Protein chains: 2
Amino acid sequence: MAETLTASALTLKDIAREAGVSLATVDRVLHNRPGVRPETVRRVKAAIERNSFQPHVAAAELARGRARRFAFVMPSGPNPFMQQIEAYLGEMSGWLSARRLGVEMVATDVFDPSVLAASLEALSGDYDGVAVVALDHPSVRAAINDLVDAGTQVVTLVSDVPSSRRHHYVGIDNIAAGRTAGALVGRLVGQKSGKVAIVAGSQGLRDHAERIFGFNQVMASEFPRLGVLPVLEGRDEDDRSEQLLARLLARHADIVGLYNVGAGTQGVAKALSDAGRDKVVFVGHDVTVLTRRLLLQGVMDAAISQNPGHEARAAVRVLLALARGEPILREQEKIRIDIVMRDNLP
Amino acid sequence: MAETLTASALTLKDIAREAGVSLATVDRVLHNRPGVRPETVRRVKAAIERNSFQPHVAAAELARGRARRFAFVMPSGPNPFMQQIEAYLGEMSGWLSARRLGVEMVATDVFDPSVLAASLEALSGDYDGVAVVALDHPSVRAAINDLVDAGTQVVTLVSDVPSSRRHHYVGIDNIAAGRTAGALVGRLVGQKSGKVAIVAGSQGLRDHAERIFGFNQVMASEFPRLGVLPVLEGRDEDDRSEQLLARLLARHADIVGLYNVGAGTQGVAKALSDAGRDKVVFVGHDVTVLTRRLLLQGVMDAAISQNPGHEARAAVRVLLALARGEPILREQEKIRIDIVMRDNLP
DNA sequence: GGTGTTTTGAGGTACGCAACTCATTTTGAG
DNA sequence: CTCAAAATGAGTTGCGTACCTCAAAACACC
């Protein structure tokens, strides 16, 4: 009837007694400090295992005294998505200070590898953990690895550097996101035939390229009757996206679907409405003030969202867990691909 | 460049000095213990505000000594959704015991108001917090209020009792979920005309009724060309759902969409395939082993999911925050309505 | 067997707060 | 002004761990 899921009111003292050693030795084992015979290490670890002992996180936190500092390395300039992340971190300030966690925002040009790498190197030693919106480039990879070697916990945020030794990636699977977008466009277009347009920031950006890849995968295999037009590179700018798309719409009267991979949403929407092509199925990314309005107006049909609030909080939680040596709740920290339509707007 | 989001390395001693009182008085104010003049209370609170002081959560936790106990009151019997919740709680066991939190599962017949109320009353005094899958009924409401009055933190899970004084509800907005289902069915059907069927457990269940309400709302206002057939009540049983639906399909050759509000998914799927009506747009709830397979096979087109893992963890976090007197991160604990299609299966 | 090295024990201090006691001061009512 | 009640100060103890020191014991090597 009543099944208990937890236990452990044991303390280190109990473990010491169990293992037949002193508190000091248990402490040495627990923090892999030198000066303990391998045999003794085994005995202590066995006792810990046997009782599935977990150090009392509050006591550990209190005892270490020193507060922890995390840095968030984010793109400079006005980027609504990043501003949201910052805002969500702000909402956590009570939570953070109750745990004596200091979180600092470091703005830098994340699109210039050497600048980003330099920014990262500059953090070394000052922080217990770093979350970074990273470009995948050799010098950035090296900078991340250096931080890791210096004992800093490193989490990549939104954009990953899989080849580095970062401890964790907080963000979505962009190929799956592209696939989802493809499935949505294809399904929402319905029985109609015609062409599908893609507007991206740049195919050089890893996340955009991956999304396009996934999108094309699905279109090719499941909606072959819909021809995909060459990708327009709008550099995430409204004006440029609008112009490119306007020209494309003028040339192709049979466009029935549109996938906006990155930003520039305002321009994309304007081009559509100026051309009187409101019926085109329009799928984009991220829920912002703008996309929210477009969804409510019916201009956009769906948005693929990666929940910036969740990403911000997950990054903090993961850094904290890593710093404390706690296990990470993978399920909890995984960023899901949200499909947002008008009726499930958050 | 580097903007700090947190502060507070202050201690109670600092606040005491600031307010010109002793530690004991600050302590009295902080825990609303009697014996402090209103004027002094104000001075102390002002000092706390002024410095935006947050008690060190680790120190507080350590000092109180006593471990916290939470109870999860859940339906007895085999219910995959509830089993998932339990499994997710199991995955947290390390996290829980590191915080000296005890979580116990209490199985009961949540569909019998008096039994459920009695189970709740029996918990009084033994637990710091209770999460309950609650039926909305006067005696249940009273039991919840009694718990609250006894100082127990109460959270309703999945199914709410809004008229009670529960501290929080962890679950989705079922009307919005129904609306989302309606929008999906309507959009995925495309240009076709025809009828839409609804299979529910029972219209007496609050959550099912709300979903149907939302569904009908959207169908009526946005897809008037699709006629909604009377609700089939399958009691969440496979066999019954199958029979009812089979009969309906035989009678109506023009069914183009189907909304399965509750369980009985297996039966619904069987009726569809036996009748050779695979093209019917099929939207249901929850991602389970079964619905996952149906989505991959293309039998189901979309599932509305409420992420049981998130619900389980949110319930624990909310109970803990309430017990500690910490603020709740509303954004974080809000359960979102996930649209799951084949390509964004978690 | 003696030497030097490694391993272990014992103990202390500090972390910030909760919870308590008891003495002292302040306050307000009469 | 007096006296009891209310308000406050001062202090203690303990929570479980980290981190440190110093001495004692065990060990390895020649």
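Suppose we filter the stretch B:317-340 for residues that are more than 10 Å from chain A (Cβ to nearest Cβ) and crowded, with 23+ Cβ neighbours inside 10 Å; how many remain?
Residues that pass the stated criteria total 2.
In contact (Cβ under 8 Å) with a residue 12 or more places away in the chain, within 22 Å of residue A:294 (Cα to Cα) and out of contact with any helix residue (DSSP H, G or I) (no Cβ under 9 Å at 6 or more places or on another chain), is that true of residue A:241?
Answer is no for this residue.
Restricting to the stretch A:35-52, count the residues that are facing chain B (nearest Cβ under 10 Å) and either more than 16 Å from DNA strand D (Cβ to nearest atom) or outside any loop (DSSP other than H, G, I, E, B) (or both).
Step one: filter the stretch A:35-52 for residues facing chain B (nearest Cβ under 10 Å), giving A:52.
Now drop any that are not either more than 16 Å from DNA strand D (Cβ to nearest atom) or outside any loop (DSSP other than H, G, I, E, B) (or both), which leaves none.
The number of residues fulfilling the criteria is 0.
Here is a yes/no grid of residues against (1) facing chain B (nearest Cβ under 9 Å); (2) outside any loop (DSSP other than H, G, I, E, B); (3) within 12 Å of DNA strand D (Cβ to nearest atom):
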site: A:13; (1), (2), (3): no, yes, yes
site: A:18; (1), (2), (3): no, yes, no
site: A:32; (1), (2), (3): no, no, yes
site: A:60; (1), (2), (3): yes, yes, yes
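Would you say residue B:55 is in a loop (DSSP other than H, G, I, E, B), more than 36 Å from the chain's Cα centre (by Cα) and outside the structural domain of residue B:324 (by TED's automatic domain parsing)?
no
Conditions (1) in contact with a helix residue (DSSP H, G or I) (Cβ under 8 Å, 6 or more places away or on another chain); (2) in contact (Cβ under 8 Å) with a residue 24 or more places away in the chain, marked per residue:
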| residue | (1), (2) |
| --- | --- |
| A:146 | yes, yes |
| A:153 | yes, yes |
| A:162 | no, yes |
| A:169 | no, no |
| A:176 | yes, yes |
| A:181 | yes, yes |
| A:187 | yes, no |
| A:192 | no, yes |
| A:195 | no, yes |
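Yes or no, residue by residue, for (1) free of Cβ contacts under 8 Å to residues at least 12 places away in the same chain; (2) not hydrophobic (A, V, I, L, M, F, W, C):
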{"position": "B:260", "(1), (2)": "no, yes"}
{"position": "B:293", "(1), (2)": "yes, yes"}
{"position": "B:300", "(1), (2)": "no, no"}
{"position": "B:304", "(1), (2)": "no, no"}
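So, restricting to helices (runs of 4 or more DSSP H) that lie completely within the stretch A:262-346, which ones have at least 1 residues that are more than 30 Å from residue A:56 (Cα to Cα)?
A:265-274, A:289-297, A:308-324
For residue B:9, all conditions in the list (1) free of Cβ contacts under 8 Å to residues at least 12 places away in the same chain; (2) over 30 Å from residue A:76 (Cα atoms); (3) assigned to a loop (DSSP other than H, G, I, E, B); (4) more than 16 Å from DNA strand D (Cβ to nearest atom) hold save one; what is the number of the exception?
Of the numbered conditions (1) free of Cβ contacts under 8 Å to residues at least 12 places away in the same chain; (2) over 30 Å from residue A:76 (Cα atoms); (3) assigned to a loop (DSSP other than H, G, I, E, B); (4) more than 16 Å from DNA strand D (Cβ to nearest atom), the odd one out for residue B:9 is (2).
Restricting attention to the stretch A:102-119, does a residue exist that is within 9 Å of another protein chain (Cβ to nearest Cβ), closer than 27 Å to residue A:208 by Cα and in contact (Cβ under 8 Å) with a residue 40 or more places away in the chain? Before you say what the answer is, go through the steps one by one.
Initially, the stretch A:102-119 is screened for residues within 9 Å of another protein chain (Cβ to nearest Cβ), giving A:102-108.
Next, from what is left, pick out any that are closer than 27 Å to residue A:208 by Cα: A:105-108.
Restricting the remaining residues to those that are in contact (Cβ under 8 Å) with a residue 40 or more places away in the chain gives none.
Among the residues of the stretch A:102-119, not one is within 9 Å of another protein chain (Cβ to nearest Cβ), closer than 27 Å to residue A:208 by Cα and in contact (Cβ under 8 Å) with a residue 40 or more places away in the chain, which makes the answer no.
Could you figure out which of (1) among the hydroxyl-bearing types (Ser, Thr, Tyr); (2) within 15 Å of DNA strand D (Cβ to nearest atom); (3) within 15 Å of the chain's Cα centre (by Cα) isn't true of residue A:88?
(2)
Could you tell me whether any residue of the stretch B:206-220 is within 20 Å of residue B:184 (Cα to Cα), within 14 Å of another protein chain (Cβ to nearest Cβ), crowded, with 18+ Cβ neighbours inside 10 Å and of a type in the set (Gly, Ala, Ser)?
So the first thing to find is which residues in the stretch B:206-220 are within 20 Å of residue B:184 (Cα to Cα), and the list is B:207-220.
Then keep just the ones that are within 14 Å of another protein chain (Cβ to nearest Cβ); that gives B:210-211, B:213-220.
Now narrow it down to the ones that are crowded, with 18+ Cβ neighbours inside 10 Å: B:210-211, B:214-216, B:218-219.
Subset that is of a type in the set (Gly, Ala, Ser): B:214.
For the stretch B:206-220, residues within 20 Å of residue B:184 (Cα to Cα), within 14 Å of another protein chain (Cβ to nearest Cβ), crowded, with 18+ Cβ neighbours inside 10 Å and of a type in the set (Gly, Ala, Ser): present.
Check B:102, B:94 and return the single one that is modelled with pLDDT of 90 or more, away from DNA strand D (no atom under 13 Å from the Cβ) and either in a helix (DSSP H, G or I) or more than 37 Å from the chain's Cα centre (by Cα) (or both).
So the residue among B:102, B:94 that is modelled with pLDDT of 90 or more, away from DNA strand D (no atom under 13 Å from the Cβ) and either in a helix (DSSP H, G or I) or more than 37 Å from the chain's Cα centre (by Cα) (or both) is B:94.
Which one of B:256, B:218, B:199 is assigned to a strand (DSSP E or B), farther than 30 Å from residue B:85 by Cα and more than 21 Å from the chain's Cα centre (by Cα)? Steps first, please.
Details: B:218 fails: assigned to a strand (DSSP E or B); B:199 fails: farther than 30 Å from residue B:85 by Cα.
Being assigned to a strand (DSSP E or B), farther than 30 Å from residue B:85 by Cα and more than 21 Å from the chain's Cα centre (by Cα) holds for just one of B:256, B:218, B:199, which is B:256.
If you go through the stretch A:128-139 one residue at a time, do you hit one that is touching a residue at least 24 places away in the same chain (Cβ under 8 Å), in a helix (DSSP H, G or I) and over 21 Å from residue A:207 (Cβ atoms)?
Checked against the condition, which is being touching a residue at least 24 places away in the same chain (Cβ under 8 Å), in a helix (DSSP H, G or I) and over 21 Å from residue A:207 (Cβ atoms), the stretch A:128-139 yields no hits at all.
The values are calculated or read from the model by the stated rules, or taken from the named source; none is laboratory data. Keep in mind it's a predicted model, so treat the numbers as computed, not measured. Cβ: placed from backbone, ideal geometry, glycine included. Neighbour counts: every protein chain shown.
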